[in-house]
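The values are calculated or read from the model by the stated rules, or taken from the named source; none is laboratory data. From a predicted model like this one, the values you see are computed outputs, not experimental measurements. So basically every Cβ, Gly included, is an ideal-geometry build from the backbone, and we count neighbours across all protein chains shown.
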Amino acid sequence: MELRIDRQAMVPVVQQIVDALACWLRRGEVPPGTRLPSVRQIARINLLSQSSVAEACERLVAQGVLASRHGAGFIVAMPALAAQGQQDCRWFEGAEVKQGGTSGELKLGCGGLPESWRETDDLSYAIRQVSRTDMAGLFNYSTPLGLPALRQQIHKRLKHMDIVVEESRILTTAGASQGLDLIVRTLFKPGDCVVVENPGYSLLFDLLRLHGVSMIEVPRTPRGPDIEVLEALLVKYRPSGIFINSFYHNPTGSSLAPAVAQRVLQLAKTYGLLVIEDDVYADFHSGPGTRLAALGIDDNVIYVGSYSKTLSSSLRVGFVVAGAGVISRLAEVKMISSMGASRFCESVLASLLASGAYRKLVQRQRQRLSNDREAALQVLEDAEWEVFGKPVGGLFIWARSRRSDYAQVRKQAQRFGVLLSSATAFSPTAEASDWQRINVAYACDPRARAFFQATARDRPQAF
């Protein structure tokens with residue numbers, strides 16, 4: 001029983017053993033009553049301490065997966081798949097809710113970095129520093145626009161991205177999700193119509209439905225939204241706004257081409273369209289590129305950013321950049337609905353940005369993602385999967401098997417302990433698709449490699 005424990009990972013070894021044992025049980029469909037190898041044997045094969053293996057087994061006993069028998073070690077109490085509903089489902093945006101999930105499954109379709117990629121030293125230091133030296137950060141509300149020290153750091157970062165604005169036009173939020181929510185509830189009303197990209201961000205679709213805003217979809221191409229289709233939609237429906245990703249679009253990983261970006265802004269001015277640019281993956285990009293906000297922030301362009309994807313999903317900090325009038329309205333609704341964002345989180349992030357620790361962190365993340373993306377693309381090519389646009393940065397690859405539909409692929413994924421995104425998650429109309437969002441940070445895991453290889457095994461032989 002080889003468990004493949006990564007001693008360099010941030011995830012504790014005992015939790016890795018728990019996850020690996022659950023995956024082994026699920027993959028082998030081990031029936032109840034089966035006796036596990038002894039703790040000593042598992043520890044010896046995997047070069048682990050017996051105490052770590054024993055603790056992991058006890059955790060699985062507490063979850064109802066294993067049972068302990070005096071003198072007989074541990075036996076399987078129920079199939080790992082049957083225990084899914086009793087465990088903490090590690091939900092992610094785009095997951096198939098009814099599919100469930102266990103802590104041991106590989107979230108190949110998720111939208112963030114793995115826990116093993118998270119670096120705690122600089123974050124822990126910044127938290128301690130704020131706790132010791134910033135009493136206001138611990139106990140007080142933030143200001144309506146957000147912590148001035150953080151907004152100064154965001155202003156500097158925007159300048160490096162060629163987005164030229166005054167600090168007074170920067171509003172901090174509790175992640176990009178709150179930013180989008182403020183925009184939708186403040187600037188749109190029930191019955192309004194907006195353009196969204198297909199495929200696109202599933203939680204944005206849910207947010208718009210929640211507020212009674214109708215969606216019309218424009219196909220996303222490897223260069224951005226299909227401009228011809230977009231212009232036809234604007235003529236026919238006269239929508240109020242468009243939501244668009246610039247760099248490393250979720251879920252396709254594609255980025256805006258300069259000509260497409262220019263044309264989007266031209267059409268927006270011609271048809272009085274409000275443009276909301278969602279750029280939460282901005283820090284995964286380095287080098288030249290085109291952002292709509294860099295071509296001019298005015299009353300028709302709103303820019304949304306976030307630090308949750310790179311630093312911590314739990315440390316909810318994002319921001320919105322817009323014209324002065326829009327920022328004033330958003331700040332008012334922000335204070336009414338939530339009394340502002342977390343001053344503590346903003347203080348911690350401001351400290352990381354000012355020290356340079358955050359900049360070094362994202363440099364390491366970009367390099368690691370680059371290496372894993374290249375390897376993942378090769379694995380997909382070997383498995384004869386079709387890849388959308390071949391992204392050069394960010395977290396995602398949008399791909400599908402050439403030989404199997406979604407149901408077949410999902411069944412194969414379950415055999416290897418791999419959790420895919422829902423077939424309908426990325427469509428505004430919940431239309432099923434065989435395309436899968438693949439997170440490159442998970443794609444080089446041995447379980448993912450085995451899954452992709454399995455999808456290619458039944459290919460017809462050439463004669």
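Structure data summary
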| read-out | value |
| --- | --- |
| The stretch 273-303, residues that are under 25 Å from residue 127 (Cα atoms) and touching a helix residue (DSSP H, G or I) at 6+ places or on another chain (Cβ under 9 Å) | 280, 282, 283, 284 |
| Qualifying residue in the stretch 393-405 (condition: over 13 Å from residue 452 (Cα atoms), of a type in the set (Ser, Thr, Tyr) and modelled with pLDDT of 90 or more) | no |
| Helices (runs of 4 or more DSSP H) wholly inside the stretch 342-448 that include at least 1 residues being touching a Gly at 6+ places or on another chain (Cβ under 7 Å) and within 30 Å of residue 132 (Cβ to Cβ) | 343-355 |
| Criterion: surrounded by 14 or more Cβ atoms within 10 Å (Cβ to Cβ) and more than 17 Å from residue 19 (Cβ to Cβ) - qualifying residue of 67, 43, 56 | 67 |
| Selection within the stretch 295-314 - among the aliphatic types (A, V, I, L, M) and in contact with a strand residue (DSSP E or B) (Cβ under 9 Å, 6 or more places away or on another chain) | 295, 297, 301, 302, 304 |
| Test for residue 175: is it in contact with a strand residue (DSSP E or B) (Cβ under 6 Å, 6 or more places away or on another chain) and free of Cβ contacts under 8 Å to residues at least 60 places away in the same chain | no |
| Unique match (being over 30 Å from residue 444 (Cβ atoms) and either in a loop (DSSP other than H, G, I, E, B) or within 21 Å of the chain's Cα centre (by Cα) (or both)) among 113, 138, 145 | 145 |
| Pair list, Cβ < 7 Å and 6+ apart or interchain, from the stretch 433-451 residues that are without any contact (Cβ under 8 Å) to a residue 60 or more places away in the chain to residues that are assigned to a helix (DSSP H, G or I) | 434/406 |
| The stretch 335-364 - residue that is surrounded by fewer than 23 Cβ atoms within 10 Å (Cβ to Cβ) and among the β-branched types (Val, Ile, Thr) and, of those, farthest from residue 181 (Cα to Cα) | 362 |
| Selection from the stretch 238-256 of residues that are at pLDDT 95 or above and either of a type in the set (Phe, Trp, Tyr) or on the phi > 0 side of the Ramachandran plot (or both) | 238, 243 |
| Out of 142, 168, 131, 116, sole residue that is crowded, with 17+ Cβ neighbours inside 10 Å and over 17 Å from residue 307 (Cα atoms) | 142 |
| Residue count, the stretch 180-228 (criterion: of a type in the set (Val, Ile, Thr) and either assigned to a strand (DSSP E or B) or surrounded by fewer than 16 Cβ atoms within 10 Å (Cβ to Cβ) (or both)) | 6 |
| Those residues of the stretch 267-283 which are touching a strand residue (DSSP E or B) at 6+ places or on another chain (Cβ under 8 Å), assigned to a loop (DSSP other than H, G, I, E, B) and surrounded by fewer than 23 Cβ atoms within 10 Å (Cβ to Cβ), in sequence order | 273 |
| Residue check, residue 214 closer than 30 Å to residue 167 by Cβ, in contact (Cβ under 8 Å) with a residue 12 or more places away in the chain and either outside the structural domain of residue 186 (by TED's automatic domain parsing) or not hydrophobic (A, V, I, L, M, F, W, C) (or both) | no |
| Candidate set from the stretch 119-128 (those that are acidic (Asp, Glu) and either touching a residue at least 40 places away in the same chain (Cβ under 8 Å) or at positive phi (or both)); member that is surrounded by the most Cβ atoms within 10 Å (Cβ to Cβ) | 122 |
| Qualifying residue in the stretch 133-152 (condition: modelled with pLDDT of 95 or more, out of contact with any Lys or Arg (no Cβ under 8 Å at 6 or more places or on another chain) and over 18 Å from residue 334 (Cβ atoms)) | yes |
| Residues located in the stretch 294-326, provided they are among the aliphatic types (A, V, I, L, M), in contact (Cβ under 8 Å) with a residue 60 or more places away in the chain and surrounded by fewer than 21 Cβ atoms within 10 Å (Cβ to Cβ) | 294, 315, 324 |
